[in-house]
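The values are calculated or read from the model by the stated rules, or taken from the named source; none is laboratory data. Values in this document were obtained by computation on a predicted structure and should not be read as measured data. FYI the Cβ positions are ideal-geometry reconstructions off the backbone, even for glycines, and counts take in every protein chain you see.
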């Protein structure tokens, strides 16, 4: 069978089969992950194809580029008090879980910290892509978005420090490179907007994706994976929205969603092929169930109590927000792979983390009656900006005011 036919069948399988199985409340990313595991068991090392790796990189980078674009600092500032409390509690729980992992799992402090991040960090890009399907009202969506973004900002900063902390010189060098990238990205965007965009109308999306991939590659070479650079590039583009409105426009964000729709399934498939055989044991499954039964209710309960007792939110609303923040799929997969490759994480714990993230990703599908999906496009009528513009053009306009003849007096 030719490679072209194999790629075509793979594309068909990843884009069609997961959608067909969603009728059974099985989230599409889980299906893609399972297909990757099946391919690994059937074909072994032959699934490590460079084309799949490239498509996977495009998927994870575009997902976090979109997550960065979704950050609205003005909106976050409205809830800064509550978010500060939320981050304080999150920091304490991360420290506590990290200490337990270091104390009882015989891990280095870096590996223990990464385990804590893998267990407790919601996958913001994944959650935001599916938020509209959870039946939340405007206020609930605001708090899910704000808490997920704030938590991810904290997690990305912690991830950068933890991965570089083993070598102080490397940490200092990487910090300087990151600082240079943060300063240089706005200048690069502005330069492209001045010297390229005027001569290539409609190129803003291509330039945005290109810069995002470059930033993702830089952070990958620094040893902190693609997602950090892609997220920073999206955040910088969002902050330049007033100066370069077309860069992070609604049309570009919608286009990036469509871009991620195609490539993200390849990331989950590739993640499945990277799961080692020794992680697929009954011992790993049992440990994964135990971790889920302990950690997942703790996470949901802490958020629920925080909203109920400290902020006096309604019981039902607090529950929906807490459950919506449960999925950790992307972050756990990324960190589990880093732990396995760089810190020799035992296969049992590797498999337990995978099962934990699969179970917490499925939770909203059953409790909120709305399955998570790798397709982030809002399919409600009129959701696309072009549809809204067309609807505005077709909407009846009020008749022009009639001019009254002047009155004759006297």
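Just one of the listed residues (59, 68, 79) is modelled with pLDDT under 90, within 20 Å of residue 257 (Cβ to Cβ) and touching a helix residue (DSSP H, G or I) at 6+ places or on another chain (Cβ under 6 Å), and it is 68.
Return yes or no: is residue 174 touching a helix residue (DSSP H, G or I) at 6+ places or on another chain (Cβ under 6 Å), without any contact (Cβ under 8 Å) to a residue 60 or more places away in the chain and not in a loop (DSSP other than H, G, I, E, B)? Yes: the conditions hold for residue 174.
Kindly list the number of the only condition in (1) modelled with pLDDT of 90 or more; (2) under 22 Å from residue 361 (Cα atoms) that fails for residue 317. If we test residue 317 against (1) modelled with pLDDT of 90 or more; (2) under 22 Å from residue 361 (Cα atoms), just (1) comes out false. Taking the residues in segment 89-110 that are touching a helix residue (DSSP H, G or I) at 6+ places or on another chain (Cβ under 9 Å) and assigned to a loop (DSSP other than H, G, I, E, B) as candidates, determine which candidate is farthest from residue 153 (Cα to Cα). The qualifying residue farthest from residue 153 (Cα to Cα) is 105.
Of the set (1) more than 21 Å from the chain's Cα centre (by Cα); (2) crowded, with 20+ Cβ neighbours inside 10 Å; (3) modelled with pLDDT of 85 or more, all apply to residue 360 but (1). In summary, helices (runs of 4 or more DSSP H) completely within segment 1-88 and bearing 2 or more residues that are surrounded by 17 or more Cβ atoms within 10 Å (Cβ to Cβ) occur at 3-21, 28-43, 50-69. Every test in (1) within 20 Å of residue 83 (Cβ to Cβ); (2) in a helix (DSSP H, G or I); (3) in contact with a helix residue (DSSP H, G or I) (Cβ under 7 Å, 6 or more places away or on another chain) is passed by residue 136 save one, and that test is (2). Taking (1) within 30 Å of residue 235 (Cα to Cα); (2) over 18 Å from the mean Cα position of the chain (by Cα) in turn, residue 63 satisfies each apart from (2). Exactly one residue out of 247, 227, 235, 208 is outside any helix (DSSP H, G or I), over 25 Å from residue 12 (Cα atoms) and in contact with a helix residue (DSSP H, G or I) (Cβ under 9 Å, 6 or more places away or on another chain), and it is 247.
Summed over segment 195-205, residues that are modelled with pLDDT of 90 or more, in a helix (DSSP H, G or I) and exposed (fewer than 14 other Cβ atoms within 10 Å of the Cβ) total 1. In the set (1) outside any helix (DSSP H, G or I); (2) surrounded by 23 or more Cβ atoms within 10 Å (Cβ to Cβ); (3) at pLDDT below 85, the condition left unmet by residue 122 is number (3). Among the residues making up segment 177-228, those that are farther than 18 Å from residue 158 by Cβ and in contact (Cβ under 8 Å) with a residue 60 or more places away in the chain are 208, 209, 212, 213, 216.
Residue-wise test of (1) surrounded by fewer than 23 Cβ atoms within 10 Å (Cβ to Cβ); (2) part of a helix (DSSP H, G or I); (3) touching a strand residue (DSSP E or B) at 6+ places or on another chain (Cβ under 6 Å); (4) touching a residue at least 12 places away in the same chain (Cβ under 8 Å).
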position: 114; (1), (2), (3), (4): no, yes, no, yes
position: 126; (1), (2), (3), (4): no, yes, no, yes
position: 140; (1), (2), (3), (4): yes, yes, no, yes
position: 148; (1), (2), (3), (4): no, yes, no, yes
position: 154; (1), (2), (3), (4): yes, yes, no, yes
position: 161; (1), (2), (3), (4): yes, yes, no, no
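When segment 241-256 is filtered for residues that are surrounded by fewer than 21 Cβ atoms within 10 Å (Cβ to Cβ) and either within 29 Å of residue 90 (Cβ to Cβ) or at pLDDT 95 or above (or both), the ones remaining, listed by number, are 241, 253.
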